[in-house]
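Please treat every number below as a calculation from the coordinates, not as lab data. The shown structure was predicted, so the numbers you read here are calculated from the model rather than taken from an experiment. Cβ: placed from backbone, ideal geometry, glycine included. Neighbour counts: every protein chain shown.
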Amino acid sequence: MMLLRELSEAVGVSGQEDAVRKLILPAIRDHVTDLRVDAMGSITAVKPGTNPDAPRLMLSAHMDEVGFMVTGCDGDGLIHFAAVGGVDERILPGLRVKIGDNQVPGVVIWTPIHKSYGKNDTAKINTLRIDIGASSKDEVNGRVKRGDRIAFDSRFMELSEKIVRGKSFDDRVGCSLLVDVLQGGPYPVTVLVAFTVQEEVGLRGARVAARILKPDAAIALEGTTANDIPRPNPDPDDDTTDNPACALGLGPALTIMDRSLIAHPRLLAFLRQTAETWNIPYQYKTQLGGGTDAGAIHQANAGVPSAVISVPCRYIHSPAAYLHRDDYANTLRLLQAVLHDLTWDKLRSE
């Protein structure tokens with residue numbers, strides 16, 4: 001998982017994915033053709049298949065991560081900021097961050113009490129500031145400027161034999177898997193590659209990439225929410241427990257429906273059948289929130305049959321997401337099996 005470590009620690013808040021792109025390009029250059037960076041910054045390429053009559057399958061993973069952006073500065077050197085993508089405000093107070101190209105370290109703090117207009121019951125982002133150790137605007141100038149992206153200050157760690165921790169597993173895990181797929185093969189299916197930008201702010205890069213690649217079908221690779229958090233005092237007689245979106249260690253998650261997509265029925269059935277044929281564990285993602293690149297891809301051109309395969313991650317969109325090594329390995333196995341087994345008959349409606 002060396003590449004996943006490097007990808008996780010790279011800073012690539014939406015709109016500034018350069019550091020991630022610099023890791024991916026040399027990793028795939030010798031394994032693809034038609035390699036290009038499009039006008040938005042997404043990477044597209046082709047890995048030719050051995051069967052020219054097979055469908056051309058687009059595999060997409062997004063390079064960007066959620067984070068923040070500098071919006072201003074107080075006279076006492078405290079920095080105002082706004083969210084880029086969906087971040088839970090409850091995790092912000094005390095959060096360590098790094099700002100801009102120079103990765104200036106800072107910490108998120110409450111607004112000083114003398115600037116508060118009443119009691120703050122919740123940590124709303126407009127009541128918070130970032131302290132970089134400056135005491136005036138003059139000290140901030142030259143170190144931090146408006147528009148600078150702000151990322152979680154976090155390191156990749158191996159917590160146990162099976163569990164790793166890091167930031168931006170959504171979607172650096174998808175990027176890492178896609179690199180692994182490209183470095184393998186050959187496959188009967190031609191793989192159309194898209195490492196996309198700006199997914200977290202509206203699936204923007206995928207929309208453009210799908211128009212460039214013109215695929216016959218598509219699968220988005222994601223890191224998704226695992227909600228299997230142990231409860232301290234579970235009631236064994238309680239039949240109304242929440243149904244988790246998915247859980248660590250149970251294999252890749254196949255999306256049925258989310259906010260941006262209803263998975264193509266034939267493609268979804270094919271994924272399930274392939275997992276069962278190759279004896280790969282899998283689970284369904286039934287949580288209806290969120291969205292993926294597939295939400296933009298399936299509406300591109302004249303329409304593209306699309307599905308999503310995700311690796312479950314606890315504490316997603318935080319500086320410390322958890323991932324199970326077996327889920328990663330089984331997701332890779334499923335992707336490789338799909339590339340061997342996909343045919344036109346698997347996509348056509350009965």
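How far is helix 204-213 tilted off the main Cα axis of the chain, in degrees rounded to 10, range 0 to 90? Tilt of helix 204-213: around 30 degrees. For the set Lys98/Lys124; Lys22/Lys124; Lys47/Lys98; Lys124/Lys145; Lys22/Lys285, the pairs lying more than 28 angstrom apart at their alpha carbons are Lys22/Lys124; Lys47/Lys98; Lys22/Lys285.
Multiplying the residue separation of Gln183 and Asp34 by 0.36 nm and subtracting their alpha-carbon distance yields 52.1 nm. For the chain, the square roots of the Cα gyration tensor eigenvalues, ordered a ≥ b ≥ c, give a/c of at least 1.5 with a/b greater than b/c, which places it in the prolate category. Give the aspartates and glutamates whose C-alpha is closer than 20 Å to that of Lys162, dropping any in the same chain fewer than 8 places away, or say none. Candidates past the 8-residue exclusion: Glu6, Glu9, Asp170, Asp171, Asp180, Glu222, Asp228, Asp326, Asp327. The alpha carbon gyration tensor of the range 68-152 gives principal lengths a ≥ b ≥ c with a/c of 1.5 or higher and a/b no greater than b/c, which makes the shape oblate.
Can you tell me the FRET efficiency between Ile125 and Ile163 if r is taken as the Cβ-Cβ distance and R0 is 30 Å, rounded to the nearest 0.05?
Between Ile125 and Ile163 the formula returns 0.50.
Summing Lys and Arg as +1 and Asp and Glu as -1 over all other residues whose Cβ lies under 13 Å from the Cβ of Leu59 gives a net charge of -3. The overall shape of the range 54-201, judged from the alpha-carbon gyration tensor, is prolate: a/c is not under 1.5, and a/b is greater than b/c.
Once both labels are positioned 7 Å from their Cα atoms along Cα-to-Cβ, the gap between Asn141 and Asp18 label points is 2.4 nm. Of all beta bridges that DSSP places with both ends in the chain, some 65 percent have antiparallel geometry. Going by neighbour counts of Cβ atoms within 10 Å, the residues Asp345, Asp131 line up, fewest first, as Asp345, Asp131. Roughly how far apart, in whole Å, are the Cα centres of the range 67-85 and the range 192-217? Going from one Cα centre to the other spans 30 Å. Taking every alpha-carbon pair under 8 Å whose residues sit at least 6 apart, the chain reaches a relative contact order of 22 percent.
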